[in-house]
Amino acid sequence: MGAIKDCINGKKISNTPVWFMRQAGRYLPEFREIRSRNTNFIELCLNPSLSKEISIQPLKRFNLDALIIFSDILFIPYALGQSVEFQKNFGPKLGELDYKDILGKSDKEISLKLNPIYELIKITSKDEILNDKDLIGFTGATWTIMVYMLNKKSPKKKLDENIFNNLQQDDLITKIVQAQKIHIKNQVESGASLIQIFDSWAGLLDEEKIEKYIYQPTKEIVEFTKRLGVEVICFPRNIKNYKKFCEIVNPSAISIDYDVDPIKIAESVNIPIQGGMDPKCLLLDKNDMLKNAKRYLEIFKNHKYIFNLGHGVLPETKPENVKILVDYVKDFK
């Protein structure tokens with residue numbers, strides 16, 4: 001069991017555990033070298049040996065407490081038969097929906113299409129670099145996946161209200177939840193010791209719609225994951241009420257974004273907390289970066305806390321800054 005799992009379970013740990021969202025990615029020159037030779041992002045993710053190499057790259061450089069697999073939340077639409085591609089300077093582009101095909105996808109078909117991800121987890125879990133570190137698998141949240149499937153691209157800051165008028169929306173939600181459960185179960189059986197649920201577009205929803213699109217499906221996924229004997233971290237980015245989310249959904253831990261007031265979170269949320277610091281802080285000089293880190297470490301010093309960012313590591317981040325930050329967190333008392 002790794003330090004992150006120990007922290008969530010309230011076991012005694014010697015220092016604050018730390019890992020980063022997008023810790024394997026574009027800020028690392030060794031990642032960029034692999035990416036330059038593999039221009040198709042989907043094919044790269046579905047290459048177990050290369051995705052393993054990318055997943056372990058940050059652990060070769062930094063004293064991190066977890067490895068998160070190199071994959072993407074859009075493999076759920078991909079598994080359901082919707083075309084997914086990533087275009088440079090645009091982002092994800094998804095194809096038209098064939099509801100008959102999507103709703104008819106069997107559990108076996110979903111598993112087979114995503115099998116390379118499970119192979120990645122199997123071979124990575126056996127690597128000695130993991131040692132006593134956690135291996136984090138993940139999925140997108142139901143709401144965020146549905147937004148991508150219906151919007152066919154990133155919604156950015158604006159939501160197309162027409163997605164709520166989709167006549168087969170409820171069937172689609174049910175199918176997404178089914179695929180999420182299959183994907184999580186297969187990841188756990190392959191060796192994932194923790195699961196994180198990314199709800200990237202939770203902040204786009206009005207309060208009256210949150211119950212149906214976020215609370216209900218996410219609670220179902222969280223309960224399913226816990227029954228597998230695995231802790232689950234939720235990241236409902238920019239959600240309006242983290243306290244209410246935690247009370248209803250009841251994840252093992254909650255990951256917070258950088259726009260939320262960490263003092264209010266520390267006062268109102270009782271479960272383990274992860275993250276919060278603005279990724280742009282890693283672009284500052286050393287003293288300013290560490291000043292920001294210290295603020296979060298001080299605020300949550302009497303709380304079960306996993307150090308992370310309020311979003312992923314930015315591409316322009318210098319690897320040496322990541323090392324300085326990780327070492328500072330590990331030495332903080």
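Every number here is computed from the coordinates shown, using simple stated rules; none is lab data. These figures come from a predicted structure and were not determined experimentally. In this analysis, Cβ positions are derived from the backbone assuming ideal geometry, glycine residues included, and neighbour counts consider all displayed protein chains.
Things to note:
- Over the range 58-146, equivalent-ellipsoid semi-axes from the Cα gyration tensor in Å: 29, 17, 10
- Going by neighbour counts of Cβ atoms within 10 Å, the residues Arg32, Arg61, Arg22 line up, fewest first, as Arg32, Arg61, Arg22.
- Relative contact order of the chain, taken over Cα pairs closer than 8 Å and 6 or more residues apart, is 22 percent.
- Computed from the Cβ-Cβ distance with R0 of 30 Å, the FRET efficiency linking Ile248 to Lys108 stands at 0.35.
- Largest-first ellipsoid semi-axes for the range 1-116, taking √(5λ) over the Cα gyration tensor eigenvalues, angstrom: 31, 20, 12
- Qualifying GluC sites (Glu not before Pro) in the range 78-166, DSSP loop, other Cβ atoms within 10 Å at most 16: Glu96, Glu128
- As a proxy for reagent exposure, Leu59, Leu167 were ordered by neighbouring Cβ count within 10 angstrom, fewest first; the result is Leu167, Leu59.
- Per-selection Kirkwood Rh - the range 268-333 (Cα, Å, 1 d.p.): 12.2
- For the chain, the average shadow cast by the Cα convex hull is 15.5 nm², which is a quarter of the hull's surface.
- Pair Asn40, His303: separation of 7 Å Cα→Cβ label points (nm): 4.5
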